[in-house]
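Just below is one structure, and these are the notes that go with it.
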Amino acid sequence: MSLRTPADPVSRQPTGQEAAEDSLVPGLPMPAAVRSRIPISRVPQPHENRMLSTWRLAKPRRIAAALVASQAQNSGGWFVAGASGDVGRKESVARTIAGREVVLWRDAAGALVAGPGACPHLGALMDRCPVLEGTMYCRWHGLAFDDQPQPGWSPYRAFDDGVLVWVGLPTAGEEPTTAPALPPRPPLLDSVSAVIAQPGTCEPQDVIANRLDPWHGSWFHPYAFSHLVVDDDASDEHVLVVDVTFRLSRTWGVPVRAEFSCPDTRTIVMRIVEGEGAGSVVETHATPLGTDAEGRPMTMITEATIAYSDRPGFAAARWFSPVLKPMIRRTARQLWVDDLDYAERRYELRRRGDPG
């Protein structure tokens with residue numbers, strides 16, 4: 001199916017100034033051969049009074065049906081615990097996942113190890129404990145741990161996918177699996193990946209429901225998206241197919257076609273299927289932490305962006321990943337400033353028994 005970009009509400013010929021802008025270099029026309037190699041398009045950002053209202057399309061029952069379908073899957077007890085780079089070889093890292101304290105470190109070969117975060121001796125939280133040749137030593141009294149069980153302590157399942165680290169915990173209603181259900185990804189060696197983590201006062205389902213409502217994109221994030229249309233013929237409760245323009249400015253954008261799907265109950269993935277960056281993914285993982293002082297649920301949103309392009313220039317761009325990664329993280333955090341308002345509001349309405 002070809003990529004579609006909705007036209008502006010009023011069709012007209014560009015002015016002289018706009019024609020110059022179309023060249024990307026004012027005053028210089030762009031040869032057709034050059035234009036075909038540039039993924040950027042002139043797609044002016046419309047004002048709100050010329051945008052398509054999407055409230056009739058964002059039907060609550062439709063979003064709820066997609067959420068039910070996502071929650072019916074078996075996640076195998078796997079939870080994202082952070083970025084792969086968060087866990088090094090020299091000291092341990094402690095996390096709280098689903099109300100459990102968890103400690104993570106790496107063995108002598110660099111493999112991930114995870115287990116209960118409390119030392120079985122006197123209950124010390126084993127955070128920032130020294131790790132020597134793959135053995136972790138409790139900071140309080142030096143009790144040593146490796147990947148083997150010992151009295152009062154047994155390791156959890158652990159998995160490092162090269163971008164994120166996962167911990168497998170006994171979870172009611174979930175049949176344990178040997179590995180998490182990873183979505184298709186582009187080749188990591190040929191990609192640029194960046195990870196952010198953002199806590200919110202909501203449940204994992206609220207994070208997933210936010211992304212199962214793509215209709216809010218152009219209205220709630222006009223600085224990032226425009227001309228968003230859900231392809232109903234290609235979508236169902238398991239996948240949403242969207243044509244959208246990623247904004248570079250109020251004049252320029254990159255039109256793409258993307259799919260949203262849920263490989264497990266706590267993950268939603270956006271994958272670009274047509275247009276620039278085809279194969280790139282944005283994985284949003286919602287990890288329950290526990291409750292705050294007021295008894296409200298806390299969820300950690302971990303979002304991994306894995307950017308890829310088959311254009312020859314992208315190989316050179318990967319050399320600038322130290323510059324690209326902070327830019328990717330900044331964009332992701334900006335979006336989640338808004339989307340946390342959505343997710344947290346959704347939880348608050350449910351807590352109050354208000355349908356909204």
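The values are calculated or read from the model by the stated rules, or taken from the named source; none is laboratory data. Because the structure is a prediction, the values reported are computed rather than measured. Every residue, glycine among them, receives a Cβ derived from its backbone with ideal geometry; neighbour counts consider all protein chains shown. Ligands, DNA and RNA are stripped out before the accessible areas are found, and what is left, the full protein with its side chains, is counted by its heavy atoms. Shrake-Rupley method; radii C 1.70, N 1.55, O 1.52, S 1.80 Å.
What to note about this one:
- Of the chymotrypsin sites (Phe, Trp or Tyr not before Pro) found in region 52-148, those that fall in a DSSP loop while having at most 16 other beta-carbon atoms within 10 Å are W55, W140.
- Cα-Cα separations in region 290-356 greater than 18 Å, expressed as whole percent: 58
- As a calculated quantity, the FRET efficiency between A109 and A69 at R0 = 35 Å, using C-beta atoms, amounts to about 0.35.
- Once the chain from D190 to T291 is taken as fully extended at 0.36 nm per residue, the excess over their C-alpha distance is 32.4 nm.
- The dipole here belongs to region 223-308: it is taken about the Cα centre, uses +1 on the Cβ of Lys and Arg and -1 on the Cβ of Asp and Glu, and is about 420 debye.
- Prolate/oblate/rounded label for region 232-279 (Cα gyration tensor, a/c 1.5): prolate
- Of the solvent-accessible surface of the chain, computed with a 1.4 Å probe and all protein chains present, 56% belongs to carbon and sulfur.
- Each Lys and Arg Cβ is given +1 and each Asp and Glu Cβ -1; about its Cα centre, the chain then shows a dipole of about 680 debye.
- Only DSSP H runs of four or more residues enter the estimate; each adds -39500 (n - 2.57), and after division by the residues of the chain the mean residue ellipticity at 222 nm equals -6000 deg cm²/dmol.
- Solvent-accessible area per residue, Å², over the chain with all protein chains present [probe radius 1.4 Å]: 51
- With the simple spin-label model, which puts each label point 7 Å out from Cα in the Cβ direction, the T177 to S321 separation comes to 2.6 nm.
- For the listed peptides 157-165, 231-239, a ranking on the average number of other beta carbons within 10 Å per residue, highest first, reads 157-165, 231-239.
- Prolate/oblate/rounded label for the chain (Cα gyration tensor, a/c 1.5): prolate
- Subtracting the Cα-Cα distance of N49 and R128 from their residue separation scaled by 0.36 nm leaves 23.0 nm.
- Charge tally in the Cβ shell below 14 Å around I328, where Lys, Arg are +1 and Asp, Glu are -1, I328 excluded: +3
- Gyration tensor verdict on region 136-182 (Cα atoms; rounded if a/c is under 1.5, prolate if a/b is larger than b/c, oblate otherwise): oblate
- Whole-angstrom gap from region 192-222 to region 261-299, using each part's C-alpha centre: 7
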